[in-house]
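Worksheet: the structure to be examined is printed underneath.
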Amino acid sequence: MGESIEDIEIQLLLDAVYRHYHYDFRHYARASIKRRLLQARTQWGYDSISEMQSAVLHDETILPRLLNFLTVQVSEMFRDPSYFQALREKVVPHLRTYPSLKVWVAGCSHGEELYSLAILFAEEGLAERTIFYATDINPNALKAAQAGVYPLDRIRLFTENHRLSGGHGSLSDHYTANYDRAVFDKSLRERTVFSDHSLVTDAAFGEMHLISCRNVLIYFDRELQDRVVGLFGESLARGGFLGIGSKESLRFSAHADLFSEFVREEKIYRRRSR
Amino acid sequence: MSLRAVVIGASAGGVQALSQILPGLPAGFPAPVMVVVHIPPRKDNALVELFARKCRLEVKEAEDKEPLVPGTIYFAPPDYHLLVETAGSLALSSDETVNHSRPAIDVLFETAADAFGNALAAVVLTGANQDGARGLRAVCEAGGSAFVQDPATAEVGTMPEAALAACPAARMMALDEIGCALQAMMPR
């Protein structure tokens, strides 16, 4: 089967977005990005992707909405509680030995993973010595992460996850309920730097002790996954830790030998000190 | 037309229904088989182990960006959508639920239809929701072959009924007939 017109249009749209706005989705996993673009097209009432491309190029107000379609992930706090339990029980004892710590939440989206880690670090008495870096390419997502406000109807799940992850105390120690929203404590993000950063086009962050980047790599093709794994290798201090999503793997990466498996079943790796 | 891939979706009662199809597929079955079963997000994937014991084909949980191998049965992992990335590989995503499900049958079927066109066979089995209906229509529109378990023989008929309503061209069959039909479509 030859390339369909729709596939050609999608490629052209991604090229246009890159050339005009410098957001590079060209190496995102194609099946997923196609679904999202077709959803956007339907929702916005365009007859074709080409028509949408024209609108995106000529009307700058469309780009932020397109970014929301292409990037925003709905996540959970303490998603996969066993991952956070492994961080708490196996990684934290190593982190305690450092006088100061740097933690990078790459592709932080609305901040669920960031607040989970901030709460975990607070509970383990590491918050004072830690600087968190929360990065994303989507300015709206960064704003939401900075606000730390989640619908109250999601809190029951977050609370259960937190408990299963071995959390001390109650999640409710860390937020205030306000009508139908839970507002997480400012103290949790006092030592967080929120920053626009692209895993696709930007450079490494220095000397991290922990990078947590879960369910971001699956949205990338193998080539881009490879670049990002290399970037993480460069950004980690020797002996630093990398946590990825439960269905992600470094196995196929050309940079796999930079890392050793630390907690295999939770996809927590350690930067080799070679 | 030669078949290059099979996709199957099942929900309530699905394990039993699949037990009447998958173990019957002969060694050397010349296409990959991708399966979405609605399962609770936090359970370990017991399906792989269960069917590995029953089937002559290799059975595994689908991995992100994994190359497709003929004669292999791939189950979607719990709490991830399974997508066909290209005609030769799979992908996973943690996008929001579709039809309240992750994995969703529609996501697998629509992306498979896109990748395989008329060289795809899709099967909707028993279930208590409407997932798979849109996806099956996409398979038919791309020229693929659509099979639906006879709702009268399904443990729960809602899902096959919805699929038949959305995709009238689909062939309604009993479970044993579906297995035979898949084998008959394979190039020899």
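Only the coordinates and a few stated rules stand behind these numbers; no lab work does. Remember, predicted model here, so these are calculated numbers, not experimental data. Please note: Cβ atoms are built from the backbone with ideal geometry, for glycine as well, and neighbour counts cover all protein chains shown.
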At a 10 angstrom cut-off on C-beta neighbours, averaged per residue, how do the peptides A:62-70, B:149-157, B:82-90 rank from highest to lowest? B:82-90, B:149-157, A:62-70
Would you work out the Kirkwood radius for the protein assembly as shown? I mean one over the mean of 1/r across all pairs of different Cα atoms, in Å. 23.4 Å
Between their Cα atoms, which of A:K102/A:K267; A:K34/A:K102; A:K34/A:K143 are more than 29 Å away from each other? A:K34/A:K102
Output for region B:39-72: trypsin sites (Lys or Arg not before Pro) sitting in coil per DSSP, at most 13 other Cβ within 10 Å, listed by number, reads B:R42, B:K43
Counting every C-alpha pair in region A:56-153, the percent lying more than 17 Å apart is 57 percent
Averaged over all viewing directions, the convex hull of the alpha carbons in region A:206-263 casts a projected area in nm² of 3.6 nm²
What percent of all Cα-Cα pairs in chain A falls in each 10 Å bin, counting up from 0? 6, 28, 33, 22, 9, 1
Report the label-to-label distance for A:T176 and A:E89 in nanometres (one decimal), using points 7 Å from each Cα along the Cα→Cβ vector. 3.6 nm
Among the Cα-Cα pairs of region B:83-180, the proportion with separation greater than 16 Å, in percent, is 53 percent
Per-residue mean of C-beta atoms belonging to partner chains within 10 Å, peptide A:207-218: 2
In Å, the Kirkwood hydrodynamic radius of region B:5-184 over pairs of distinct alpha carbons? 15.5 Å
Hey, what did chain A get for relative contact order, percent, Cα under 8 Å, at least 6 apart? 17 percent
Suppose R0 equals 35 Å; then what is the FRET efficiency for B:E177 and B:H100 from their Cβ-Cβ distance, rounded to the nearest 0.05? 0.70
Degrees between helix A:49-58 axis and first principal axis of chain A (Cα, 0 to 90, nearest 10): 80 degrees
Counting partner chain Cβ atoms within 10 Å of every residue's Cβ in A:241-250, what's the average? 3
Convex hull volume per residue for region A:5-71, taking Cα atoms only, in Å³: 75 Å³
Restricting to Cα pairs below 8 Å that are 6+ residues apart, what does the relative contact order work out to for chain B? Please round to a whole percent. 24 percent
Report the charge-dipole magnitude of region A:5-71 in Debye, nearest 20, computed about the Cα centre from +1 at each Lys and Arg Cβ and -1 at each Asp and Glu Cβ. 300 debye
Please list, by residue number, every one of the GluC sites (Glu not before Pro) in region A:1-67 that is coil in DSSP and has at most 14 other beta-carbon atoms within 10 Å. A:E3, A:E60
Among B:M172, B:M159, B:M34, which one moves the most in a GNM of chain B with springs linking Cα atoms closer than 10 Å? B:M172
